[in-house]
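I have placed the structure first, in the form of structure tokens, so that the comments after it can refer back to it.
The values are calculated or read from the model by the stated rules, or taken from the named source; none is laboratory data. Quick caveat, the model's predicted, so the values are computed rather than measured. Please note: Cβ atoms are built from the backbone with ideal geometry, for glycine as well, and neighbour counts cover all protein chains shown.
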């Protein structure tokens, strides 16, 4: 039996998304910039996908939505673009994804600490942002990819925007959109990766508010597609698949969220029964419904991960973009964990493709592997 519990890394393409892609591909070669009839049809398909996604984002103007290859590209477009302005400052929380932390570190930046529960220390953030009158971009993820811990986004956005019109708020919603409700009010930037929600890999979108559109320099040069924000020939079939996956999720949002939460809770309960002493990271904190980060005290997470892989349970030690690095998770360390504690944590993330029976089987395998005594070298 192979049990895939790494949905925060990627998910399988849904039947609806695959069908939408196939239908688009059947239309023939696609270049929406071409002036002939085939190009016109490609434009129609692309704009229909854009309008469908815009509708699911609360009916935003479709001219504020741009297709990208995913969240990493979208994050870099905004952060590097904003950072190219003279005299600006960029802030981010200490638990952001590497595609945010990396480009932020290249600019005049400030890292905002989180509490031990993984939530932004808002009074400290307000103080740090308010001490500068320069244009400021503040990056606050909606939910963490490793722990599933959600930020109280609307409270944070209201507080930061209340400082002044020179403050812009950016949200990486890769792990949140489609799993929890997202309110765009007050948010200037929202980024998303389609493969987190059963759309094809290499798809995603970038939302920019009107005021961010006016302020953001265009750092990518090319043919001017996507309003010049993301130039390059668009992936029409991918956009159609992305729109179909989003419509499918939003059409049964409450049912999907409840199913994810039930699966995660069942897995957590079963692992805690199978492994006395195991601890849920972020327990008692508001989390997205599909993510469980579990600490196995005195165990080497990398060794346990390898053993679970051999046994057919696929999980991770953290973000897939960073998990090849041997050091303990910076996210968990930012929450106050020691190197040893953080090194004993594994992330299990479920999708609607999983079953309750898989949760029970996975927990039993975890318990067996732990009993084999995979200890950190002294």
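Residues that are out of contact with any helix residue (DSSP H, G or I) (no Cβ under 6 Å at 6 or more places or on another chain) and in a helix (DSSP H, G or I) were ranked within the range 361-373; the one that is farthest from residue 256 (Cα to Cα) is 371. Would you confirm, using the coordinates I've provided, whether residue 9 is on the phi < 0 side of the Ramachandran plot, touching a residue at least 60 places away in the same chain (Cβ under 8 Å), surrounded by 14 or more Cβ atoms within 10 Å (Cβ to Cβ) and in contact with a helix residue (DSSP H, G or I) (Cβ under 8 Å, 6 or more places away or on another chain)? It is false that residue 9 is on the phi < 0 side of the Ramachandran plot, touching a residue at least 60 places away in the same chain (Cβ under 8 Å), surrounded by 14 or more Cβ atoms within 10 Å (Cβ to Cβ) and in contact with a helix residue (DSSP H, G or I) (Cβ under 8 Å, 6 or more places away or on another chain). Could you please let me know if residue 163 is under 18 Å from the mean Cα position of the chain (by Cα), over 30 Å from residue 15 (Cα atoms) and in a loop (DSSP other than H, G, I, E, B)? So residue 163 does not fit the description; no.
The residues in the range 229-254 that are without any contact (Cβ under 8 Å) to a residue 12 or more places away in the chain and either assigned to a helix (DSSP H, G or I) or buried (at least 21 other Cβ atoms within 10 Å of the Cβ) (or both) can be counted, and the count is 2.
Restricting attention to the range 201-211, which residues are touching a residue at least 60 places away in the same chain (Cβ under 8 Å) and more than 15 Å from the chain's Cα centre (by Cα)? Those that are touching a residue at least 60 places away in the same chain (Cβ under 8 Å) and more than 15 Å from the chain's Cα centre (by Cα): 208, 209, 210.
Of all the listed residues (220, 242), the sole one being assigned by TED's automatic domain parsing to the domain that holds residue 72 and in contact with a strand residue (DSSP E or B) (Cβ under 8 Å, 6 or more places away or on another chain) is 242. Only residues that are modelled with pLDDT of 95 or more and buried (at least 19 other Cβ atoms within 10 Å of the Cβ) were counted in the range 14-51, giving 12. Filtering the range 121-160 to residues that are in contact (Cβ under 8 Å) with a residue 40 or more places away in the chain, within 22 Å of the chain's Cα centre (by Cα) and assigned to a loop (DSSP other than H, G, I, E, B) leaves 140, 141, 142, 144, 145, 146, 147, 148, 151, 152. Looking across the range 271-292, not a single residue is at pLDDT below 95 and in contact with a strand residue (DSSP E or B) (Cβ under 8 Å, 6 or more places away or on another chain).
Of the helices (runs of 4 or more DSSP H) entirely within the range 255-349, those holding at least 3 residues that are more than 23 Å from the chain's Cα centre (by Cα) occupy 301-311, 339-343.
Can we say residue 352 is part of a helix (DSSP H, G or I), at pLDDT 95 or above and closer than 22 Å to residue 173 by Cα? Considered against the rule, which asks whether it is part of a helix (DSSP H, G or I), at pLDDT 95 or above and closer than 22 Å to residue 173 by Cα, residue 352 comes out as no.
Residues of the range 193-217 that are touching a helix residue (DSSP H, G or I) at 6+ places or on another chain (Cβ under 7 Å) and closer than 16 Å to residue 13 by Cβ: 193, 194, 197, 198, 199, 200, 201, 202, 203, 204. Within the range 332-344, residues that are surrounded by fewer than 18 Cβ atoms within 10 Å (Cβ to Cβ) reach partners that are assigned to a helix (DSSP H, G or I) with beta carbons closer than 6 Å, at six or more positions or on different chains, in the pairs 333/342.
Which of the residues belonging to the range 29-63 are free of Cβ contacts under 8 Å to residues at least 60 places away in the same chain and in contact with a helix residue (DSSP H, G or I) (Cβ under 6 Å, 6 or more places away or on another chain)? The answer is 51, 54, 62. Looking at the range 1-120, the helices (runs of 4 or more DSSP H) lying wholly inside it that each contain 1 or more residues that are in the same structural domain as residue 169 (by TED's automatic domain parsing) and closer than 25 Å to residue 151 by Cα sit at 37-56, 71-83, 98-105.
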